[in-house]
Amino acid sequence: MAPRDSRGGEESLLRHAARAAVEAAARPVIVVLGAAGDALAPQLAGLPVHVVAHSGWERGIGSSIKVGLECLLALAPAVDAIMLSVCDQPHLSASVFSRLGRAYRGSEAVVVASSYAGVAGVPALFDRTVFSELQALRDEEGARSLIERDETRIATVPFPLGSIDLDTPAAYQDYVRQATGR
């Protein structure tokens, strides 16, 4: 089913992901917008988030990660860790973010990733000690490459429904149609 807001109405995947981070008490919440950012920003109205327009989004996800991390460090220079997420997972929730945080606090891991469909991926939490590795990502390289770099330093949190990601409007419509039977 399409993500629902607190009143039971349908909400965009973007707002859904941002709201989940806010509800998990993650602070600050930074949303990096690229393509159509001006049109998407109003979907975040009323949420306590920092919106960053990333004009170089076409360079790749790694460039967006670096822009978000730069903003985080400007707002909270002493932060211990960063959680990275995408907005195309309809089953993302505050609970997923909270479980990542608990696993981080309860382990020696410097990376805590979500596990689904036999992989470790986002959302994921990265300790400050690996910020330089995030900053060194190639523009087209995502966080998974860092997650997979050294399995001895990661912990995982089950998020089986994380394997459902909706990368296109058509995929979203198919998902909603299947979920609602319409």
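Structure notes:
- Whichever residue in segment 148-182 is β-branched (Val, Ile, Thr) and modelled with pLDDT of 95 or more and, among such residues, is surrounded by the most Cβ atoms within 10 Å (Cβ to Cβ): Val157
- Out of Arg19, Arg4, Arg27, sole residue that is closer than 30 Å to Gly181 by Cβ, at pLDDT below 95 and either surrounded by fewer than 20 Cβ atoms within 10 Å (Cβ to Cβ) or within 16 Å of the chain's Cα centre (by Cα) (or both): Arg4
A quick yes/no check of all residues on (1) β-branched (Val, Ile, Thr); (2) modelled with pLDDT under 95:
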residue: Leu13; (1), (2): no, yes
residue: Glu23; (1), (2): no, no
residue: Leu33; (1), (2): no, no
residue: Ser63; (1), (2): no, no
residue: Gly68; (1), (2): no, no
residue: Cys71; (1), (2): no, no
residue: Ile82; (1), (2): yes, no
residue: Ala94; (1), (2): no, no
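- For segment 95-105, the criterion of being in contact with a Lys or Arg (Cβ under 6 Å, 6 or more places away or on another chain) and in contact (Cβ under 8 Å) with a residue 60 or more places away in the chain is met by none of the residues.
- Residues of segment 71-95 that turn out to be charged (D, E, K, R) and within 19 Å of Trp57 (Cα to Cα), as a count: 1
The values are calculated or read from the model by the stated rules, or taken from the named source; none is laboratory data. Keep in mind the model is a prediction, meaning the values are calculated, not measured. Counting neighbours? That spans all protein chains shown, and the Cβs are built from the backbone with ideal geometry, glycine included.
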